[in-house]
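The values are calculated or read from the model by the stated rules, or taken from the named source; none is laboratory data. None of the values given here were measured: they were computed from a predicted structure. Neighbour counts run over all protein chains shown; Cβ positions are idealised from the backbone, glycine included.
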Amino acid sequence: METILAFLQPLGLAWLGLGTWVVISARRRRMRELLPASASWLLLTLASCTPLPGRLLASLETTFPVVSVTELETADVIVCLGGGASPSRSEPAGFHLRGAADRLATALLLARHGKAPALVLGGGGYVVDGEWRSEAETVADRLRDIGWSAREILSLGLCANTREEALKVRQLARDRGWKRIHLVSSAYHLPRAVAAFRQMGLEIHPVPCNFQTSATMGHSSRWLGPPTTASLDQLDLWLHEILGQFSYRWRGWI
């Protein structure tokens, strides 16, 4: 039943439509149509029906070893990169948790276990009611409101990208004498993030979280199945990071 429903979703219907186009073009020997139709159907099949996107993303997620919180050594500060929340005027908490919320959960867990005396929150900005609001400041304010006192909380304010987060952390490290830094981010994002922070001369100890693929989460995967948007999401994350690494290298940021 789930397989049938998958083909009734927009992505499944698009896959069936392209497949039908291929069959009709082949039967009518419309070679000018057959080549683009076949190429489009094949690309969509690889991107949405096979483990290929997951394998590509897993190649980034396995760059650094999985961390055991209890065995992790202490550091001077825990830095949680943004992407896990966005300000919201409707949510009672004042922010909405997003796909990378595991970053925040992991950072809070490290802080609760006493892995560093300070917690630094990064993140971008969002427009709410025509006003720019900082992800980091919004989350930090709410943590203070609920009485979070396990560790000192600092906000990096509005940051345009990971490079800007690294620049602000470097300045804080100089001002406060921090040496050893636990850097918390999604496993697929850490290769670029760690390189950007180490380029600043910082001693970085990566803490990967927010794993997205069956290869890293221990789930089984089929070689061929119905088209899923999850596979497209994995491909999008991989492409974003690969292009991001290329851009950072070109700019001399890593």
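State which residue is surrounded by the fewest Cβ atoms within 10 Å (Cβ to Cβ) when the search covers only the range 85-119 and only residues that are in contact with an Asp or Glu (Cβ under 7 Å, 6 or more places away or on another chain) and in a loop (DSSP other than H, G, I, E, B). If we take residues in the range 85-119 being in contact with an Asp or Glu (Cβ under 7 Å, 6 or more places away or on another chain) and in a loop (DSSP other than H, G, I, E, B), then 89 is surrounded by the fewest Cβ atoms within 10 Å (Cβ to Cβ). Residues of the range 173-205 being in contact with a strand residue (DSSP E or B) (Cβ under 7 Å, 6 or more places away or on another chain), surrounded by fewer than 20 Cβ atoms within 10 Å (Cβ to Cβ) and outside any loop (DSSP other than H, G, I, E, B), which ones? Result: 180, 198, 203, 205. The residue that is surrounded by the most Cβ atoms within 10 Å (Cβ to Cβ), among those in the range 120-149 that are of a type in the set (Gly, Ala, Ser) and in a helix (DSSP H, G or I), is 136. The residues listed here are 69, 79; of these, the one that is farther than 17 Å from residue 239 by Cβ, out of contact with any Cys (no Cβ under 9 Å at 6 or more places or on another chain), aliphatic (A, V, I, L, M) and outside any loop (DSSP other than H, G, I, E, B) is 79.
Filtering the range 85-122 to residues that are closer than 19 Å to residue 68 by Cβ, of a type outside the set (A, V, I, L, M, F, W, C) and over 16 Å from the mean Cα position of the chain (by Cα) leaves 112, 113, 114, 115. With respect to being assigned to a helix (DSSP H, G or I) and surrounded by fewer than 20 Cβ atoms within 10 Å (Cβ to Cβ), residue 243 fits the description.
Do the conditions hold for residue 15, that is, is it within 20 Å of residue 225 (Cβ to Cβ), modelled with pLDDT under 85, in a helix (DSSP H, G or I) and not hydroxyl-bearing (Ser, Thr, Tyr)? Yes, satisfied. Out of the residues in the range 74-88 meeting the condition of being out of contact with any Leu (no Cβ under 6 Å at 6 or more places or on another chain) and at pLDDT 95 or above, tell me which one is nearest to residue 193 (Cα to Cα). Residue satisfying both the conditions and the ranking: 81. The set of residues in the range 229-246 being at pLDDT 95 or above and more than 13 Å from the chain's Cα centre (by Cα) consists of 243, 245, 246.
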